[in-house]
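Okay, so here's the structure we're looking at.
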2 protein chains.
Amino acid sequence: AKSAKPNIIFMLMDDMGWGDLGINGEPSMETTNLDQMAKEGMLFTDFYSANPLCSPSRAAMLTGRLPIRNGFYTSNYHGHNGYTPQNIVGGIPDNELLISELLQNAGYTNKLIGKWHLGHQQQYLPLKHGFHEWFGSPNCHFGPYDDKTTPNIPVYNNTEMAGRWYYEEFTIEEHKYFSNMTQYYIEEALEFIERMSSEEKPFFLYWAPDATHSPVYSSAMFKGASRRGPYGDAVMELDYGVGKIINLLKSLGLDQNTLVFFSSDNGAAMIGSAFENGSNGPFLCGKQTTFEGGIREPTIAWGPGFVKPGQVSQQVGSLMDWFTTALHLANIPVPDDRFIDGMNLLPVLSGDNSFDRPIFHYRGNTLFAVRYGMHKAHYWTWTNSWEEYNKGITFCRGEYIANVTTHEQVNRTLDPVVFQLGRDPGEKYSMKSSLSEYKEVVANMKTIVNKHLETLKPGTPQFDWCDDAVMNWAPNGCEKLNKCLPKPKSNLQKCVWPH
Amino acid sequence: AKSAKPNIIFMLMDDMGWGDLGINGEPSMETTNLDQMAKEGMLFTDFYSANPLCSPSRAAMLTGRLPIRNGFYTSNYHGHNGYTPQNIVGGIPDNELLISELLQNAGYTNKLIGKWHLGHQQQYLPLKHGFHEWFGSPNCHFGPYDDKTTPNIPVYNNTEMAGRWYYEEFTIEEHKYFSNMTQYYIEEALEFIERMSSEEKPFFLYWAPDATHSPVYSSAMFKGASRRGPYGDAVMELDYGVGKIINLLKSLGLDQNTLVFFSSDNGAAMIGSAFENGSNGPFLCGKQTTFEGGIREPTIAWGPGFVKPGQVSQQVGSLMDWFTTALHLANIPVPDDRFIDGMNLLPVLSGDNSFDRPIFHYRGNTLFAVRYGMHKAHYWTWTNSWEEYNKGITFCRGEYIANVTTHEQVNRTLDPVVFQLGRDPGEKYSMKSSLSEYKEVVANMKTIVNKHLETLKPGTPQFDWCDDAVMNWAPNGCEKLNKCLPKPKSNLQKCVWPH
Ligand SMILES: [Ca+2]
Ligand SMILES: [Ca+2]
């Protein structure tokens, strides 16, 4: 049954690319439920994550603030990505306000299902930050894990671990792309929504499955279902889950009172094999980069009570807007004691409104690029280092644009690389600096950047310090399961971030 | 009103890419009429042109036969593209049977609107080959034209020229991307359909506008309409025309008795500027190449009497199938005195049927690649020569796949480059030859190729000889308009084909 306040669902995929939806031109067109969701709701063509990597993207989404503000970056290097592997000491700072905390204060019941990635030490976990319930893992399910140099990551059920992931209770059979985890995540979502409905409680569900992050996986039901291979199988299972959730909302009569957002935390990864990688459609490069392939996300808003159906919106949007939009929907004041980057999308969702706004694309501690209107200006170009590239690591597989996909960090602040993304979504034709269009864009962008830098108070960097002693050796509840592992001696070191 | 026999419409765009339709993921999503046509009909995701260049692609479509069979290739070089510029001596051989000729014999009234490109000498023109009516040009509207070394190309109205194109009666303002030509092509189509309907005659309309071929153009009505620039404006005007034609069919009650195909003659060109180029979506390279970007086409079948609505078909198809399908639709026997490559798509259009078949991708006189099932094997790799590439000519802008996008013609017959196009539509991950999947595919493809080569009787090459004297100096009807130009002395030479 319907609660007095509108319900909010964030569906956030992991490493899924813009081009992975049928509605966005994936040639196999296997995402029938997502395509239907887009037809019933609003498809966003120009929607961005705040960062091309999981942890900072998610922290930004939940705080409505850029990683440079909320601390999800490193100052160890110039313009290098960081995230929250198991040896990270940092996590989401206590003085950040998460959407879950603000909704909790307003009487919402909040559940996270899936990956957290805002820090795995006890003080950083979801139930310390506004979530009432959690089923999922604090880290990436990306090995190697051996329980000796690196513990298998825990799966939590609320405050205690329910087992270990990857090789143990929650299995991924390596190189077989098999796991039941997405099914558990779907079941958890359906159970939570049904329970909230019967209790007539307003809820916030943050559904964050990770089956499309390497190593990709799907359950037996979807094995071989896709002509795209294991990655496609994973997408189809997630698509199935989306369909189940939407249909449940309809059958419970919650559809008029629930706003659902769907997106991905960053672009598809280009490193790795064809079996594990998604598609960034026509966009340049992928995860790790500030080219469109790293940050342009497949995004849908759904909810007939709040979203005009059957629309395609070219509003330039950001995952950080979900924070601000959710606050407006729940009639909660937006915090005014700090800079909030997210904008309120409710007027966009309800009709033909749109607004101009810049999007700032950082890599680590450095502003790499800005999008405003149809233009994008790159102030720094970099894919990865020659050293990594020569080892076979690539974030731009098969793509090479001279002076753009560089393997050195090139400072273009004085002569930015400019693309017009309407006629050149693939960032292939950098604009000639002799054009008057170029000069106007660069001048306008300069004003925008200067204004941005004036507001900028960088947060304390959370990705500077690493220590093997902080890994998930002995998560809460490990005693009951006899899953505690011996903790090594503390060895605090500056984290190494090669990218 | 409805005729006894079903009407047939081929809508063939020029150099439009797979990724140019909103429904195929063009991020600006500006093709609302085509997207609607796809929703009401069948969208083909895996549909190919028979060649990555205009003339041979069109000749193959109209004859149902590969260019190597119908003569639309050159033997002057190994594996070089050719087409029908103004100095070409050849054209469609008299012994080829065109769909227009077969439909004419069966009582259809046939009209070509737009570009012909099957030879411009009098014996090759449309009204000599089964068309009753023609409004359009025999050649590309691609200069330079000066009426001295090269005549401006004529626009024909049936058997006589109505003016000259490009700088004269039918203007394209160069670098301004302006022309009314698409509006004329739309009006011609609407007039023809209305007339056929009122006369209750079965008709075949071949609608072949060329606004998306460089130099792209649109009329004042669409100037600046697209956020994609002049190319997008051209697409929007064509999309508008498609909508007008479909709506007219509906309002005349012809929709149940007409089959409409929409596609493009080859992939989007990668050479040139962002203002003039289309999108090949996630596919590799473009026009001129046998990579997916050169040959995978945006394709829709529409017609509620023959096409199951709201379908996406992954049937591997070819423009040559339009020939065979149209014959079946009109209940005309398929010629059995020659090899026909086109297959009958009617069972696919009517429901969930599909069939296996190989697609042979030639470049000039050489079999470069074969697609069968989900796999594609490249026997030769080549984009363009180093000489051309070093001049700045590129058919793979921004793309580089080692040992694949080569600038030498590399013979891979003994160790083909294999891609699985489901998990790797972008041809970025060539399959390891140690995989059993590779070995199976290569063995299977070998059988398919050998069988193909057994059936192959190459036609007389039409692109071997060029002569400036055969240009459009004095087309039929030039006297009436005072538009005859002095013809130079004959100078028969082997044509030069750098690509
Ligand atoms: Ca991610
Ligand atoms: Ca063409």
Rule-of-thumb Rg ratio for the stretch B:164-284 [Cα; 2.2 N^0.38 Å; N residues]: 1.16
Under the rule rounded for a/c under 1.5, else prolate if a/b exceeds b/c, else oblate, using alpha carbon gyration tensor axes a ≥ b ≥ c, the protein assembly as shown is classed as prolate
Partner shielding of B:20-33, as the mean number of partner chain Cβ atoms within 10 Å, equals 6
Quantify how strongly other chains surround peptide A:376-382 by giving the mean number of their Cβ atoms within 10 Å of each of its Cβ atoms. 0
Sorting check: for A:242-253, B:383-394, which peptide has the highest mean count of neighbouring beta carbons within 10 Å, and how do the rest follow? A:242-253, B:383-394
Can you list the residues, at least 5 places off or on another chain, whose amide H is less than 5 Å from the amide H of A:TYR362, using H built in the peptide plane? A:PHE368
Protection proxy ranking, peptides A:417-426, A:431-440, A:55-64, B:218-227, average beta carbon neighbours within 10 Å, highest first: A:55-64, A:417-426, B:218-227, A:431-440
Sorted from largest to smallest, which semi-axis lengths in Å does the alpha carbon gyration tensor of chain A give for its equivalent ellipsoid, taking the root of 5 times each eigenvalue? 31, 27, 23
Using the Cα centre of chain A as origin and beta-carbon charges of +1 (Lys, Arg) and -1 (Asp, Glu), tell me which of A:ILE300, A:THR460, A:SER273 is placed farthest towards the positive end of the dipole. A:THR460
Collect residues whose amide H, placed 1.01 Å from N in the peptide plane, falls under 5 Å from the amide H of A:GLY477; neighbours closer than 5 in sequence don't count. A:MET161
With the 8 Å Cα cutoff and a minimum separation of six or more residues, chain B has a relative contact order in percent of 25 percent
Can you give the helix-only mean residue ellipticity at 222 nm for chain B, where every DSSP H stretch with n ≥ 4 adds -39500 (n - 2.57) and the sum goes over all residues, rounded to the nearest 500 deg cm²/dmol? -7000 deg cm²/dmol
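Restricting to the protein assembly as shown, what percent of DSSP beta bridges are antiparallel, rounded to 5?
55 percent
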Could you check the spin-label model distance between B:LYS457 and A:ALA220? Points 7 Å from the Cα along Cα→Cβ, value in nm. 5.7 nm
Which whole number gives the average count of other chain Cβ atoms within 10 Å of the Cβ atoms across peptide B:305-317? 1
Which chain A residue sits with its beta carbon nearest the axis carrying A onto B, and how many Å away is it, rounded to a whole number? A:GLY25, 1
Given label points at 7 Å from Cα along Cα→Cβ, what nm distances, shortest first, separate A:GLY351 from the same residue in every other copy? 4.7
Nearest-5 percent of antiparallel DSSP beta bridges in chain A? 55 percent
What is the spin-label model distance, in nm, from A:CYS484 to B:GLU479 if the labels are put 7 Å beyond Cα along the C-beta direction? 10.7 nm
³J(HN,Hα), Karplus 6.51/-1.76/1.60, whole Hz, each residue of the stretch A:362-369, x for Gly, Pro: 9, 10, x, 8, 10, 6, 8, 7
Which of the listed residues, B:GLY130, B:PHE203, B:GLY71, is farthest toward the dipole's positive end in the stretch B:7-354, when Lys, Arg count +1 and Asp, Glu count -1 at the beta-carbon? B:GLY71
Considering only DSSP beta bridges whose two residues both sit in the stretch B:66-220, what percent are antiparallel, to the nearest 5? 35 percent
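Name the helices (complete DSSP H segments) of chain A with a Cα length along the long axis of 15 Å or more and a Kyte-Doolittle mean of at least -1.0, or state none.
A:181-199, A:230-251, A:436-455
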Spit out the partnerless Cys residues in the protein assembly as shown, using Cβ distances under 4.7 Å as the pairing rule. A:CYS54, A:CYS140, B:CYS54, B:CYS140
Euclidean distance between Cα centres, the stretch A:329-384 to the stretch A:397-446, Å: 20 Å
5 angstrom amide H check on B:TYR156, placed H, neighbours 5+ away: B:GLY136, B:SER137, B:ALA162
Over the alpha-carbon set of the stretch B:361-455, work out the extent along each principal axis and list the three values in angstrom, largest first. 40, 31, 19
Could you check the simple spin-label distance between B:SER350 and B:ASN331, using points 7 Å along Cα→Cβ, in nm with one decimal? 1.4 nm
Placing one equal point scatterer on each C-alpha of the stretch A:1-74 and summing with Debye, one gets log10 I(q)/I(0) at q = 0.27 Å⁻¹ equal to -1.21
Using only the alpha carbons of the stretch B:1-136, determine the length spanned along each of the three principal axes and report them from longest to shortest in whole angstroms. 44, 42, 24
Give the distance, in whole Å, between the Cα centre of the stretch A:199-277 and the Cα centre of the stretch A:63-88. 26 Å
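How much length would be gained if the chain were fully extended between A:TYR400 and A:GLN122, taking 0.36 nm per residue of separation minus their Cα-Cα distance, in nm to one decimal?
Details: separation 278, 0.36 × 278 = 100.08 nm, distance 4.33 nm.
In short, 95.7 nm is gained.
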Could you pull out the pairs from B:LYS287/B:LYS376; A:LYS201/A:LYS480; B:LYS111/B:LYS244 whose alpha carbons sit more than 22 Å apart here? A:LYS201/A:LYS480
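Coordinate-derived values only; no laboratory data. This structure is a prediction, so every number in the text was calculated from the model and none was measured. Glycine gets a Cβ as well: all are built from the backbone with ideal geometry, and neighbour counts include every protein chain shown.
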